[in-house]
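Take a look at the structure below.
Quick note: the coordinates plus some simple rules give every number you see, no bench work behind them. Being a predicted model, the structure only gives us computed values, none of them experimental. So basically every Cβ, Gly included, is an ideal-geometry build from the backbone, and we count neighbours across all protein chains shown.
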Amino acid sequence: MSQSGGDIIEVKDLVKTFGSFTAVGGLSFSVKRGEIFSFLGPNGAGKTTTIKMLTTLLRPDSGSIRIAGLDTAREPLEVRRKFGIVFQDASLDDELTAWENMFFHAVLYAVPAAERAPRIEEMLRFVGLWDRRKDLVKHFSGGMKRRLEIARCLSHQPDLIFLDEPTSGLDPQNRSRLWEHLRRLNSELGTTIFLTTHSMEEAEKVSGRILVIDGGKIAAEGTPDEIKRRTETRTLEEAFLALTGRDLRDDVPGAVEDMRKARLIWRGKSR
Amino acid sequence: MNSSSMGAVWGLWLRQIKRYLRSRSRLIGSLGQPVLFLVALGFGFGPVFQKAGGGNYIQFLTPGIVLMGVLFTAIFSGIEIIWDRQFGFLKETLVAPAPRIFIMLGRTLGGATIAIIQGFLVLAVSFAAGFRLESWTRLPAAALFMGLTAVAFTALGTAIASVLEDMQGFQLIMNFLVMPIFFFSGSIFPLISLPRFLTDVAAANPLTYGVDGLRLALEGGSYAAMGRDAAVLTAVAAVLVVAGGNLFSRIQA
């Protein structure tokens with residue numbers, strides 16, 4: 001356990017710019033151990049950039065991130081053991097079976113050989129995919145893939161999981177099934193869940209605390225009720241619109257993407 | 001080296017092999033081009049080569065075509081990272097708690113293993129085309145040259161794929177890198193009577209040392225000459241692995 005009390009994520013003055021575009025402009029927040037924390041914002045608000053920095057995939061320009069008490073810049077490999085992540089887009093190997101994807105992950109995370117098979121079975125049963133373990137992932141539906149990714153990211157027993165829009169593109173059946181799994185995970189194992197979503201209804205229902213960002217800065221922070229009270233709105237959806245405005249956000253694809261590409265190569269120190 | 005690093009090397013090696021064995025179309029497909037070259041060039045230019053006093057052309061050509069199979073398979077194994085990026089799987093390896101260099105090493109060894117298998121398959125086909133081996137005891141030396149070539153060019157493919165965003169540059173790499181490497185290596189014609197600038201190109205081409213070494217191995221040349229080729233190739237492979245590993249480590253999602 002970390003010495004820093006109950007915070008599993010501590011972010012201080014986080015900044016990330018791409019050329020002249022400030023994606024994240026001085027974020028500070030913390031996530032408590034065991035909570036379901038929703039990270040909300042319109043497109044282009046800096047959510048994905050922040051998640052990439054939290055998960056050591058992108059290096060911040062300045063500021064610090066501690067995950068389970070470990071500094072992500074100084075000990076990225078140790079930090080990576082502490083969390084699991086389900087990316088917005090699938091990150092499975094389609095040419096391998098469900099079981100092989102799980103096995104590969106267990107090997108990569110140095111799960112002891114004797115524990116691999118039982119743990120993989122437990123996780124595949126947990127998400128209801130045990131019977132499909134020998135099928136190639138390319139034959140899976142979107143919902144099945146998402147469930148497999150969740151099972152996979154749990155197989156090294158992280159205390160914290162990041163879910164980037166876990167229910168996008170899923171039908172209501174799959175969505176409710178997924179939340180059933182996640183709630184159980186949170187209540188039974190105490191796994192902290194850090195989530196982004198565009199579904200305010202979902203965020204309102206599941207989260208303990210919410211952070212709304214816009215333009216790379218914090219727009220609001222608190223429980224769903226606190227945020228609604230502060231904005232004098234009845235639903236989180238209304239509160240969200242009150243906080244971030246009704247203008248449409250383009251993803252700023254041209255400029256930002258180009259700068260990201262130019263910066264794709266890590267210019268700093270290499271490991 | 002901790003268990004996560006070893007896991008990364010072994011896991012990624014195993015993944016490459018599994019995908020290869022599962023994809024028969026890829027196996028056959030990548031055999032097609034070398035076999036076509038062997039048959040078309042071998043039988044097409046064989047009589048001319050013979051008349052010019054070059055000896056049996058199939059004997060000359062086979063090492064070059066074997067390494068063509070190795071070269072293409074190796075480069076493409078490295079470049080597969082671009083596909084992994086597009087299909088998302090790359091991210092799974094990028095957030096893994098193993099140093100990137102070991103991830104790259106596992107991929108490279110996996111790709112190289114496949115390339116060596118491809119090389120031996122081409123060699124097997126060449127027997128049907130009339131190639132004769134000096135002695136079976138030379139096969140380990142032959143495997144060494146295939147292996148070094150495979151490692152060097154898989155690493156080169158990885159290095160290229162680490163800086164490319166998508167498959168747009170693919171044709172460019174094929175026409176301006178892979179084909180010249182193949183042509184100007186002594187693989188399909190002797191280098192001695194070439195114009196000066198082309199012999200310089202060949203001397204700077206790592207594949208030249210692979211082709212020369214493999215030819216010596218299969219034809220029963222001296223071990224001293226083979227040793228020189230192997231030394232050059234080992235040095236090149238080491239540099240490319242370090243460079244490829246370095247570029248791969250710099251990828252940000």
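Taking the alpha-carbon set of the protein assembly as shown, what are its Rg and Dmax in Å?
Gyration radius and largest Cα-Cα distance of the protein assembly as shown: 27.1, 95 Å.
Ranking B:Glu80, A:Glu232 by Cβ neighbours within 10 Å, fewest first, what do you get?
Fewest-to-most Cβ neighbours within 10 Å comes out as A:Glu232, B:Glu80.
For the range B:91-140, I need the span (max minus min coordinate) of the C-alpha atoms along each principal axis, in Å, sorted largest to smallest.
Between the extreme Cα coordinates on each principal axis of the range B:91-140 lie 50, 20, 8 Å.
Can you compute the FRET efficiency between B:Ile17 and B:Leu194 using 1/(1 + (r/R0)^6), with r the Cβ-Cβ distance and R0 = 45 Å? Round to the nearest 0.05.
So, using R0 = 45 Å, E works out to roughly 0.70.
What nm distance separates the two modelled labels at B:Val39 and B:Thr234, each placed 7 Å from Cα along Cα→Cβ?
Each label point lies 7 Å from its Cα, and together they span 3.9 nm.
Is it possible to state the helix-based mean residue ellipticity at 222 nm for chain A, with each DSSP H run of 4+ residues giving -39500 (n - 2.57), the sum divided by total residues, to the nearest 500 deg cm²/dmol? What is it?
Details: 10 runs with 100 residues, N = 271.
So the calculated ellipticity at 222 nm is -11000 deg cm²/dmol.
Among A:Lys138, B:Lys18, what is the fewest-to-most ranking by other Cβ atoms within 10 Å?
Fewest to most other Cβ atoms nearby, the residues stand as A:Lys138, B:Lys18.
As a quick test, which of the pairs A:Lys12/A:Lys205; A:Lys12/A:Lys217; A:Lys82/A:Lys205 have an alpha carbon distance above 23 angstrom in this structure?
Pairs exceeding the cut-off: A:Lys12/A:Lys205; A:Lys82/A:Lys205.
If you take every residue apart from A:Phe104 with its C-beta less than 12 Å away from the C-beta of A:Phe104, what net charge results, scoring Lys and Arg +1 and Asp and Glu -1? Could you put the intermediate results ahead of the total?
Details: positive: A:Arg116, A:Arg152, B:Arg15, B:Lys18, B:Arg19; negative: A:Asp93, A:Glu95, A:Glu100, B:Glu92.
Surrounding charge for A:Phe104 is +1.
As an exercise, use a Förster radius of 35 Å and the Cβ-Cβ distance of A:Ser20 and B:Ser3 to find the FRET efficiency, rounded to the nearest 0.05. Present the calculation step by step, with values, prior to reporting the outcome.
Working: r = 44 Å, r/R0 = 1.26.
Result of the calculation: an efficiency of 0.20.
Can you tell me the mean projection area, over all orientations, of the convex hull of the range B:3-249's alpha carbons? Units nm², please. Spell out each step's value before the answer.
Working: hull surface 54.5 nm².
Projected area, direction-averaged: 13.6 nm².
Taking beta carbons within 10 Å but only from partner chains, what does the mean come to for residues A:160-171?
0
To one decimal place, what Kirkwood hydrodynamic radius in Å is obtained for the range A:38-82 from all pairs of distinct Cα atoms?
Hydrodynamic radius (Kirkwood, Cα pairs) of the range A:38-82 is 11.1 Å.
Counting alpha carbon pairs within less than 8 Å and at least 6 residues apart, what relative contact order, in whole percent, applies to chain A?
The normalised contact order for chain A reaches 25 percent.
Rg over Rh of chain A, using C-alpha atoms and the Kirkwood radius, what does it come to? Intermediate values should be presented prior to the final figure.
On the way: Rg = 18.7 Å, Rh = 19.5 Å.
Rg divided by Rh gives 0.96.
So for B:Met104, A:Met53, B:Met226, fewest C-beta neighbours within 10 Å to most, what's the order?
Neighbour counts put them in this order, fewest first: B:Met226, A:Met53, B:Met104.
Arrange the peptides B:5-13, A:184-192, B:192-200, A:116-124 so that the one whose residues have, on average, the most other Cβ atoms within 10 Å appears first.
Top to bottom by mean Cβ count within 10 Å: B:5-13, A:116-124, A:184-192, B:192-200.
What's the average, rounded to a whole number, of partner chain beta-carbon atoms within 10 Å of each residue's beta-carbon in B:7-14? Present the calculation step by step, with values, prior to reporting the outcome.
Working: counts 9, 4, 1, 2, 8, 3, 0, 4.
Average per residue, whole number: 4.
Select from B:Leu71, A:Gly222, A:Gly26 the residue farthest towards the positive end of the dipole of the protein assembly as shown; place +1 on Cβ of Lys and Arg, -1 on Cβ of Asp and Glu, and compute about the Cα centre.
B:Leu71
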